[in-house]
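Trainee: Got a structure for you, written out below as structure tokens; questions coming shortly.
Derivation of every value follows stated rules applied to the coordinates shown; laboratory data play no part. Everything numeric in this text was worked out from a predicted model, so none of it was measured. Cβ placement follows ideal geometry from the backbone for every residue including glycine, while neighbour counts extend to all protein chains displayed.
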Amino acid sequence: MDKTPEELAEIQNLPVAELVERLDGLTAADLSALRALETAGGEGRKGVRAAIDAATAKLAPPADPEGEALAANITVDSDMPAWQLPSYSGPLDIEQAAWRNANISTKPVRGASTK
């Protein structure tokens with residue numbers, strides 16, 4: 001159940017150690033509102049922001065390998081072996097390693113540097 005703005009303001013005014021303990025029962029909407037309250041007057045407390053981000057990450061669904069592959073501009077086929085997904089971290093034979101090296105870019109070029 002989402003907290004009221006008054007309850008979130010009460011949590012936000014707690015010392016960092018107490019506030020961190022109260023984050024476990026909050027929803028994603030509560031955490032977002034609490035972060036907005038914390039940063040409303042400026043940057044806010046660094047420890048509180050980090051704790052809110054960590055609590056939000058715990059609520060996030062696990063990574064979707066198909067989504068990662070699509071983000072890497074790789075078409076995912078239902079017949080595609082697991083070793084062809086960018087998120088695969090298991091053993092490879094020589095042919096599989098060569099295919100991954102040719103088809104999956106792990107270090108995209110961000111820009112050329114010139115002198």
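Trainee: Quick check for you: which residues of segment 41-60 have the amide N under 19 Å from the point 7 Å beyond the Cα of residue 9 toward its beta carbon?
Mentor: Only 41-42, 44-45 pass the distance filter.
Trainee: Which ³J(HN,Hα) values in Hz, rounded to whole numbers, follow from the phi angles of segment 17-26 under the Karplus curve 6.51 cos²θ - 1.76 cosθ + 1.60, where θ = phi - 60° and Gly and Pro get x?
Mentor: Listing the rounded values in order: 4, 6, 4, 4, 5, 8, 6, 4, x, 8 Hz.
Trainee: Oh, and also: Given a Förster distance of 41 angstrom, what is the FRET efficiency for residue 99 paired with residue 57, based on the Cβ-Cβ distance and rounded to 0.05? Mind showing how you got there, number by number?
Mentor: Values: r = 32 Å, r/R0 = 0.79.
My answer for the efficiency is 0.80.
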